[in-house]
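Scroll down for the structure; my scribbles are underneath it.
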Amino acid sequence: MTRFPAGVLREARIDVGAIADNVRHLRRLTESEIIAVVKADGYGHGAVRSAVAALEGGASRLGVADIGEGLALRRAGIDAPIVAWLHAPGASFDEAAAAGIELGVSSLDQLQKAAAAASADRPVAVHLKLETGLGRNGIPPEDYGVVFAEAARLERIGRIRVVALFSHLSNTSVDDDREALRRFLDATGAAASVGLAPPLRHIAATNAAIDLPESRLGCVRIGIGLYGLSPFDDRSSADLGLRPAMTLRAPVAAVRRVPAGQGVSYGYTHRTDAETTLALVPLGYADGVPRQASGAGPVSINGARFRVAGRVAMDQFVVEVGDHPVAVGDEVVLFGDPTLGAPSADEWARAAGTINYEIVTRIGPRVPRRQVSG
């Protein structure tokens, strides 16, 4: 029997050693510079601890969605290069520029605002984002010429420094991604023709970095792979040589022996078929456990596998364990490293009809993170 620490209601263990090892593995595999993506609080793992671990593993840059996330890393004492690429309409870049945060730029207006934030002795570092078919943000192809020309001019006069050209792939198919890559390489050629020669180009995230070698271009952005999860439906973390960093767990909070026909949780969507034991787990959708996985989400208790019985509630769910010996305080693992016998985030994703990215990222602030290094 594995006992949960006394007085602890729920916890996510974060193995920072796994994060560092995942970076080392992907650096060897891709032979590329790694931009470690720690947006959304490090996909739920903690942005600062994830950033520190990724840098320890050899990442050379950090990627975040917005400037606020980058400033939080700076306040935590992280001085590595950071790029932020999603900006509020009308946002000022002054604070980001003062903190040395590199800016992803998706329009002429953003480029000019970045230049306006430069100081006399320090140009603002920018990554020019190109729209190559994903249909999200990025400089549209019809604006490439004017933006490239203006970026070259601003670089010449010392207002900006173009660090990179970048884009994003859809991961729809190899053919779709190769077409986007072709458009990107054509655009980088057009940029070079007006004098832009940034040291970096990046278009591959974890999926393409592993599966589409020609997209690596010497620099890749690693997000989900950083945390040891697979971006593929047909390959596990172990298949890719990655180690999941998060283990979500809680104690059994109550045990109840019930007769056949007992309704379980709201709506009685589950009723017992025979006399059985119910175990209460103090995690719910307020903590990020998906309600969509009601009746399906897997757990492990004392080495045995069970599934959520009935509906996931805000703070708790129930597991029917039959005659299996279970006591209050026994450890319940929702997901972790399947090579160690835990259910995986992928299993929870399938149970909820979503992806493993969402399963780990949605784990809420009510769940304390405990850092370990396995």
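The values are calculated or read from the model by the stated rules, or taken from the named source; none is laboratory data. Given the structure is predicted, the values throughout are model-derived calculations rather than measurements. Positions of Cβ are backbone-derived with ideal geometry, glycine not excepted, and every protein chain shown enters the neighbour counts. To get the accessible areas, we keep the full protein, side chains included, count just its heavy atoms, and leave off ligands, DNA and RNA. Shrake-Rupley method; radii C 1.70, N 1.55, O 1.52, S 1.80 Å.
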Here the residues within region 110-155 that are among the hydroxyl-bearing types (Ser, Thr, Tyr) and open to solvent by 10 Å² or more (accessible area, probe 1.4 Å) are Ser119, Tyr144
Of the conditions (1) in contact (Cβ under 8 Å) with a residue 60 or more places away in the chain; (2) aliphatic (A, V, I, L, M); (3) over 20 Å from Ile355 (Cα atoms), the single one that Val281 does not satisfy is (1)
For region 126-145, pairs from a residue that is within 10 Å of Val105 (Cβ to Cβ) and free of Cβ contacts under 8 Å to residues at least 40 places away in the same chain to a residue that is open to solvent by less than 10 Å² (accessible area, probe 1.4 Å) and of a type in the set (Gly, Ala, Ser), with Cβ under 6 Å and 6 or more apart or across chains, are Val126/Ala114
Flag for Val321 being closer than 22 Å to Thr272 by Cα and open to solvent by less than 20 Å² (accessible area, probe 1.4 Å):
yes
With the first residue restricted to region 230-244 and required to be without any contact (Cβ under 8 Å) to a residue 24 or more places away in the chain, and the second required to be crowded, with 21+ Cβ neighbours inside 10 Å and of a type in the set (Val, Ile, Thr), Cβ contacts under 9 Å at 6 or more apart or on different chains are Arg235/Ile210
Of the residues in region 203-238, those that are open to solvent by less than 30 Å² (accessible area, probe 1.4 Å), of a type outside the set (A, V, I, L, M, F, W, C) and more than 15 Å from the chain's Cα centre (by Cα) number 1
(1) of a type outside the set (Val, Ile, Thr); (2) open to solvent by less than 60 Å² (accessible area, probe 1.4 Å); (3) touching a residue at least 40 places away in the same chain (Cβ under 8 Å) all hold for Asp177 apart from (3)
If we take region 1-108, then strands (runs of 3 or more DSSP E) inside it with 3 or more residues that are under 29 Å from Glu331 (Cα atoms), among the β-branched types (Val, Ile, Thr) and open to solvent by less than 20 Å² (accessible area, probe 1.4 Å) are none
